[in-house]
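Read the structure below first, then the notes.
The values are calculated or read from the model by the stated rules, or taken from the named source; none is laboratory data. Source: prediction; values computed, not measured. Note: ideal-geometry Cβ built from the backbone for every residue, glycine included; neighbour counts use all protein chains shown. These area figures cover heavy atoms from the full protein model, side chains too; ligands, DNA and RNA do not enter into them. Shrake-Rupley method; radii C 1.70, N 1.55, O 1.52, S 1.80 Å.
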Amino acid sequence: MTKYKKKAQIIASLFLSYFILSYHSTRIFAEGTDTSPIETKETSQLTEILSNNKEKLPNDMEVALAEEIATEAVWFGSGEEVTIATRQETPINKAPSIVTVITGEEIKNLGYRTLIELLRTIPGFEIRKEPGTGVVEPIVRGAEGASKVKLMLNGHTVNTNTTGSAFGRFDDFPIENIKKLEIIRGPGSAMYGENAFLAVINIITLDAGDIDGVRISSGYGSFDTYEENAVFGKAVGKVNISGIAYYRQTSGFDGIVEEDAQSGLDRIFGSSASLAPGSVHDGRQEFGLNLKATYKDLWLQGWYSNKNREPFIGGGLALNDESEIENNYVFGEIGYKKTFEERFSVKPRIYYDQFDSNSEFESNPENTFLPPYTYPDGLIYVVKGIERIAGTEIPLDVKLFDGNLLTFGMEYRLINQSNNYFLANFDPVTGAPNPNNEIQDYSDTSLFLPDITRRVLSLYFQDTWDITDTLNVTLGVRHDRYNDFGQATSPRCGLTWAFMKDASLKLLYGEAFRAPTFYEMFQIELGNEDLDPEKIRTYEIGLNYKFNKYVTSSINYFYNDIKDLIAVDRNAPSPRHYQNLTNAHVQGFEMETRVDISKGSYVFMNYTFKNPEGEDGNDLPLVAQHTGNIGVNANFWKYINTNLSTFVSGRRSRIDTDEREDLPAYALLNLSVIGKEFFKTMEIQGTVFNILDKDYSDPAPPSVPDDLPRPGRTFFVGLSYQF
């Protein structure tokens, strides 16, 4: 054996010893202001290993190895490693963002069935039903807007430019294929550009090694809900392939609305068209396929979904029975990673996305009277369109010296909105019903959206630097240039410091933006091509402390300064347009604690206080100042796992012109039980949501006096088996 092979063998054995020891160690930080690692049994063993092999290693290699081990030991055990904060794997307490990670095991224990339900458990998150489309959307840290949250699937952005949101297609994303969720609470535009305004969510799906076979699951729940899933993964030589094929169908919650907007019109005009009191329509049907594969340094992934949903109340806030919203979405991505001399790596990728929309709305029901016309079949219109995105991104990582990593990147996107159609059973100019109430094509004269082309060129830079073993600084900036509204620059800086044993501090600053959507800029009548992007500046302080090997807690303070919020001024005279209407300020804090009782058994709790204010100093309405979660997971027997969790929301105030009482506080208690390892790989899961059958509502405009009813006690039972 040559001397080089001997050196390689020695180095490999040292690293293997290090990782074995680290796996069994507790969190190690520097003590006081000393930047040297704490001396523990584990680090003493590492020192002994180095000493025993000292004569076998060249001096420079020995020093470099010792420094590497010392630096990693400082942050090892600080929690799950995440990639979302810097695009590099980083211990969560070292990451220059306030980050939440939910593992696949924790997701399964909670018993929730979809992505949007999981988000309710995240500090600072609320979810709310949108009455016109039936989409459930998040509110983050006291600010509304699904278009202000960037959603990614394995790093691939799935937000549209038409609405800015991803939740119309991904609110019901199945949990069976989620390996973990990584969530930035705060701005992320310095790395991810538009929509990374209030939060960034990355869904990481299972790899071939996580499954190594096929897992079939089936379930049934309240409101005739059916789920069928096939998760698969296999390694064949150097090829790894994994994915999911799924189907979900539900007739949806059927809560009663006592009065709707049509009820008010009936009172004004003496008609009787309203279907209220009547049930909402929340049915959904979806099937999809997710696939990812790797071969050496080459990767590709793809997605296809078809989703049909009912609009809950409907676009006109009038109950109806002839509306349906259909969305098709497909994307494909291929990329390659090449590393040169362990100091340079480049990861180019190209991708294509296509969003197809075909929605039929009955905005008002049959026999609606709007002077001077009566509409026997109601007011019906159909909107169609296709959004296409072709893009490429080239990030380059450069390791200047140990502890320092530079990231440069360029991204270009060509976005086209076309094949737009507008059909209706009435003349959109005069309002007159068509002969025989036929639906006619008005695309040539009254397009809902014109054809649109948006080009975006983005450049970004980031420097992460371990100044000492316990002090890390991250600086970054991204510049996005749009051909239709201008440009936006998003800087960030972050300092993370392990200032004492088992404690770390984060000082963060970041700016972000939300680009005006196609609807806001180009929609007929309401659109405004002179809009500026919404902007936010966020200041954050985060403190994490591990009391002992069982208890970890954190507290974060945040202040958001929001400018140029886009909305329609409903009090302005016609014609009304979208405008950069107002500013807002939100400050608050988040607290989290986790107690690990034993393997698989733990207690978790979080609490968020936020104080959102408009530029006039008044509280922003429809947002709870106080929210929190508390839960316990018990796995004291290998065959049974039980999870009991509660979400608590404080009261929510009304808008100034709404004289109704504030929405009251409420709490939702959920119970999930899993029976596992029956017939080796069989699992049975049952979940009861809102066990106490709490009556609560989501806020609605004054035209729906009793707000939006939400489900009482519901259940779901599922069975899975792995081959």
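Some notes on this structure:
- Count of region 492-541 residues which are of a type in the set (S, T, Y), touching a residue at least 60 places away in the same chain (Cβ under 8 Å) and either buried (at least 23 other Cβ atoms within 10 Å of the Cβ) or in a strand (DSSP E or B) (or both): 4
One line per residue, one yes/no per condition, for (1) at pLDDT below 95; (2) of a type in the set (K, R); (3) closer than 30 Å to R343 by Cβ; (4) loosely packed, with under 15 Cβ neighbours inside 10 Å:
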| residue | (1), (2), (3), (4) |
| --- | --- |
| P371 | yes, no, no, yes |
| T374 | yes, no, no, yes |
| G378 | yes, no, no, no |
| V383 | yes, no, no, no |
| I386 | no, no, no, no |
| I389 | no, no, no, no |
| T392 | no, no, yes, yes |
| P395 | no, no, yes, no |
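- Candidate set: region 702-719, residues that are of a type outside the set (D, E, K, R) and more than 26 Å from the chain's Cα centre (by Cα); chosen: the one farthest from P311 (Cα to Cα): L719
- Being within 23 Å of T374 (Cβ to Cβ), touching a Phe, Trp or Tyr at 6+ places or on another chain (Cβ under 8 Å) and buried (at least 17 other Cβ atoms within 10 Å of the Cβ) holds for only one residue in G302, G315, and it is G315.
- Scanning region 423-435 for residues being touching a residue at least 12 places away in the same chain (Cβ under 8 Å), open to solvent by 20 Å² or more (accessible area, probe 1.4 Å) and not in a loop (DSSP other than H, G, I, E, B) gives a total of 3.
- Single residue of region 200-212 satisfying the filter (out of contact with any Lys or Arg (no Cβ under 7 Å at 6 or more places or on another chain) and farther than 22 Å from F170 by Cα) that is most open to solvent (accessible area, probe 1.4 Å): G209
- Condition check for D451: surrounded by fewer than 18 Cβ atoms within 10 Å (Cβ to Cβ), acidic (D, E), under 30 Å from V383 (Cα atoms) and out of contact with any Cys (no Cβ under 8 Å at 6 or more places or on another chain): yes
- Scanning region 259-304 for residues that are of a type in the set (D, E, K, R) and closer than 30 Å to G155 by Cβ yields a count of 5.
- Filter result for A293 (part of a strand (DSSP E or B) and open to solvent by 10 Å² or more (accessible area, probe 1.4 Å)): yes
- E194 of a type in the set (D, E) and closer than 18 Å to F331 by Cβ: yes
- Selection status of D463, of a type outside the set (S, T, Y), at pLDDT 95 or above and closer than 27 Å to R514 by Cα: yes
- For F401, the conditions (1) open to solvent by 50 Å² or more (accessible area, probe 1.4 Å); (2) of a type in the set (F, W, Y); (3) in contact (Cβ under 8 Å) with a residue 24 or more places away in the chain are fulfilled apart from (3).
- If you filter region 274-290 down to residues that are in contact with a Phe, Trp or Tyr (Cβ under 7 Å, 6 or more places away or on another chain) and open to solvent by less than 20 Å² (accessible area, probe 1.4 Å), you find that the one that is farthest from T205 (Cα to Cα) is V280.
- For the residues V648, V688, V623, V586, the requirement of being under 27 Å from L708 (Cα atoms), aliphatic (A, V, I, L, M) and open to solvent by 60 Å² or more (accessible area, probe 1.4 Å) singles out V648.
- Check on Y602, open to solvent by 60 Å² or more (accessible area, probe 1.4 Å), part of a strand (DSSP E or B), modelled with pLDDT of 95 or more and aromatic (F, W, Y): no
- The test for being open to solvent by 20 Å² or more (accessible area, probe 1.4 Å), within 27 Å of the chain's Cα centre (by Cα) and more than 30 Å from A700 (Cα to Cα) holds for G332.
- With respect to the conditions (1) surrounded by fewer than 20 Cβ atoms within 10 Å (Cβ to Cβ); (2) farther than 24 Å from T225 by Cβ; (3) not aliphatic (A, V, I, L, M), G675 lacks only one, and its number is (2).
- Take the conditions (1) modelled with pLDDT under 95; (2) closer than 25 Å to D353 by Cα; (3) open to solvent by 40 Å² or more (accessible area, probe 1.4 Å); D444 misses just one of them, which is (2).
- In region 366-381 there is no residue matching the filter, namely being assigned to a strand (DSSP E or B), touching a residue at least 40 places away in the same chain (Cβ under 8 Å) and under 25 Å from the mean Cα position of the chain (by Cα).
- Checking T642 against (1) in contact (Cβ under 8 Å) with a residue 40 or more places away in the chain; (2) among the hydroxyl-bearing types (S, T, Y); (3) farther than 22 Å from P699 by Cα, the condition it does not meet: (1)
- Annotation: of all residues in region 121-131 being in contact with a Leu (Cβ under 7 Å, 6 or more places away or on another chain) and farther than 15 Å from I201 by Cβ, the one that is surrounded by the fewest Cβ atoms within 10 Å (Cβ to Cβ) is K129.
- Of all the numbered requirements in (1) surrounded by fewer than 23 Cβ atoms within 10 Å (Cβ to Cβ); (2) of a type outside the set (A, V, I, L, M, F, W, C); (3) closer than 25 Å to V135 by Cβ, S189 misses one, and that requirement is (1).
- Residue identified as over 30 Å from N548 (Cα atoms), at pLDDT 95 or above and either touching a helix residue (DSSP H, G or I) at 6+ places or on another chain (Cβ under 6 Å) or not basic (K, R) (or both) among L668, L622, L644: L668
- Scanning region 304-318 for residues that are farther than 27 Å from P174 by Cβ and either touching a Pro at 6+ places or on another chain (Cβ under 7 Å) or free of Cβ contacts under 8 Å to residues at least 12 places away in the same chain (or both) yields L317, A318.
- Of D451, D427, all but one fail to be more than 30 Å from V398 (Cα to Cα) and under 37 Å from the mean Cα position of the chain (by Cα); the exception is D451.
- Scanning region 88-120 for residues that are assigned to a strand (DSSP E or B) and either open to solvent by less than 10 Å² (accessible area, probe 1.4 Å) or of a type in the set (V, I, T) (or both) yields a count of 7.
- Test: residue in region 677-687 that is touching a residue at least 24 places away in the same chain (Cβ under 8 Å) and under 25 Å from V135 (Cβ atoms): yes
- Residue count, region 222-255 (criterion: among the small types (G, A, S), surrounded by fewer than 19 Cβ atoms within 10 Å (Cβ to Cβ), part of a strand (DSSP E or B) and over 24 Å from the mean Cα position of the chain (by Cα)): 1
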